[in-house]
1. I need a count of the residues in the range 20-39 that are among the small types (Gly, Ala, Ser), over 20 Å from Cys71 (Cβ atoms) and assigned to a helix (DSSP H, G or I).
2. Go through the residues of the range 216-233 one by one and say whether even a single one is free of Cβ contacts under 8 Å to residues at least 12 places away in the same chain, within 10 Å of the ligand (Cβ to nearest atom) and either of a type in the set (D, E, K, R) or surrounded by 13 or more Cβ atoms within 10 Å (Cβ to Cβ) (or both).
3. Of all residues in the range 171-200, which are part of a helix (DSSP H, G or I), of a type outside the set (Asp, Glu) and over 15 Å from the mean Cα position of the chain (by Cα)?
4. Go over the candidates Lys128, Lys117 one by one and state the one that is part of a helix (DSSP H, G or I), away from the ligand (no atom under 16 Å from the Cβ) and either of a type outside the set (Val, Ile, Thr) or modelled with pLDDT under 95 (or both).
5. I'd like to check something: does the range 92-103 contain any residue that is in a helix (DSSP H, G or I), more than 15 Å from the ligand (Cβ to nearest atom) and either buried (at least 17 other Cβ atoms within 10 Å of the Cβ) or without any contact (Cβ under 8 Å) to a residue 24 or more places away in the chain (or both)?
6. How many residues does the range 7-61 hold that are of a type in the set (Gly, Ala, Ser) and closer than 18 Å to Gln80 by Cβ?
7. What do you reckon, is Val184 of a type in the set (A, V, I, L, M), over 25 Å from Asn98 (Cα atoms) and in contact (Cβ under 8 Å) with a residue 40 or more places away in the chain?
8. State which residue is surrounded by the most Cβ atoms within 10 Å (Cβ to Cβ) when the search covers only the range 1-47 and only residues that are within 24 Å of Asp192 (Cβ to Cβ) and of a type in the set (Asp, Glu).
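The values are calculated or read from the model by the stated rules, or taken from the named source; none is laboratory data. No experiment lies behind these values; they were computed from the predicted model shown. Quick reminder, even Gly has a Cβ in these numbers, built from the backbone with ideal geometry, and neighbours come from all protein chains shown.
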Amino acid sequence: MKYLQAKTALITGAQKGIGYAIAEKLASLGADIFLTDINPEGIKKAAETLSAKYQVKAEGFAHDVSKELDCENAVSSAVQIFGKIDILVNNAGITRDNLVLRMKEKDFDDVIAVNLKGPFFMSKSAFKHMSRQRSGRIVNISSVVGQCGQAGQANYSSSKAGLIGLTKSLAREFSKRNVNVNAVAPGFIETDMTAALEEKTRQAIISQIPLERLGKPEDVANAVAFLCSEESSYITGQIIAVNGGIYI
Ligand SMILES: NC(=O)c1ccc[n+]([C@@H]2O[C@H](COP(=O)([O-])OP(=O)(O)OC[C@H]3O[C@@H](n4cnc5c(N)ncnc54)[C@H](O)[C@@H]3O)[C@@H](O)[C@H]2O)c1
């Protein structure tokens, strides 16, 4: 059933990987999609492909989520084009891995700017509209390493742990206006981000996953779709783990 028909969703970092899978899932459920990414060509192409495949309205918008004005522009363009914004998925994220002693301040700052400040700017802008509508859903894409830490990812795991704190605070603040805010915390998912892993590391990770495989972008997209549905209307401030059991 196309239970997101007549809904509009803004998804950041949507030209590939998990963001694209989320965009595809929400479009398949009937939502009009406003896709953003720092890659202008990639995001236009993603919007064209999904609009043709699912017969929904789709727009591709290039911006940098670490810049507040860029985020305000993305949200106001979405509202201008689609008339409203029902769903915001804060998916854009980067890694700059290194051991702490070798990690530069810039590597720490850049990751926090995209992965944590980005969702703050986007949620703040979107809430102005959702608040007037007195309804909305915000889903943040955190990570298992924000829950359990990871050597070599002090910057990234801090940003994703911070995103969990942001999710819970926004859930408390926005609930008065019927805006639910939740997070999905994926484990290790097959995307370009994990394609960079050496085969030995990949096998070592799989050996620790009870379900004995990496996740697929669609596994994350399914959880996001649930958090955007009517069935999840009494869920807010929660972190849904999609991790094959690697962290229980
Ligand atoms: N792949 C995994 O195993 C995994 C696990 C847990 C969480 N996550 C999270 O899921 C999300 C998506 O990850 P992915 O694996 O699909 O990554 P990816 O690198 O394949 O895609 C990330 C997208 O974000 C875009 N982006 C990067 N910086 C941006 C910026 N400043 N402004 C706007 N867009 C920007 C990129 O261009 C890209 O299209 C990220 O937040 C990531 O941290 C991924």
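1. 3
2. Within the range 216-233 (the criterion being free of Cβ contacts under 8 Å to residues at least 12 places away in the same chain, within 10 Å of the ligand (Cβ to nearest atom) and either of a type in the set (D, E, K, R) or surrounded by 13 or more Cβ atoms within 10 Å (Cβ to Cβ) (or both)), the answer is no, since none of the residues qualifies.
3. Step one: list which residues in the range 171-200 are part of a helix (DSSP H, G or I), which gives 171-177, 192-195, 199-200.
Filter once more, keeping what is of a type outside the set (Asp, Glu): 171-172, 174-177, 193-195, 200.
Passing the criteria: Ala171, Arg172, Phe174, Ser175, Lys176, Arg177, Thr194, Ala195, Lys200.
4. On the way: Lys117 fails: away from the ligand (no atom under 16 Å from the Cβ).
Criteria check complete, one pass: Lys128.
5. To start, the set of residues in the range 92-103 that are in a helix (DSSP H, G or I) comprises 100-102.
From the residues that got through so far, the ones that are more than 15 Å from the ligand (Cβ to nearest atom) too are 100-102.
Keeping just the survivors that are either buried (at least 17 other Cβ atoms within 10 Å of the Cβ) or without any contact (Cβ under 8 Å) to a residue 24 or more places away in the chain (or both) gives 101-102.
Yes, because at least one residue in the range 92-103 is in a helix (DSSP H, G or I), more than 15 Å from the ligand (Cβ to nearest atom) and either buried (at least 17 other Cβ atoms within 10 Å of the Cβ) or without any contact (Cβ under 8 Å) to a residue 24 or more places away in the chain (or both).
6. Step one: filter the range 7-61 for residues of a type in the set (Gly, Ala, Ser), giving 9, 13-14, 17, 19, 21, 23, 27-28, 30-31, 42, 46-47, 51-52, 58, 60.
Filter once more, so that each one left must be closer than 18 Å to Gln80 by Cβ: 9, 31, 47, 51, 58, 60.
Number of matching residues: 6.
7. Details: of a type in the set (A, V, I, L, M): yes; over 25 Å from Asn98 (Cα atoms): no; in contact (Cβ under 8 Å) with a residue 40 or more places away in the chain: yes.
When the stated conditions are applied, Val184 does not pass them.
8. Step one: filter the range 1-47 for residues within 24 Å of Asp192 (Cβ to Cβ), giving 9-28, 33-47.
Subsequent filtering for residues that are of a type in the set (Asp, Glu) retains 24, 37, 41.
Numbers: Glu24: 21, Asp37: 27, Glu41: 11.
Among those that are within 24 Å of Asp192 (Cβ to Cβ) and of a type in the set (Asp, Glu), it is Asp37.
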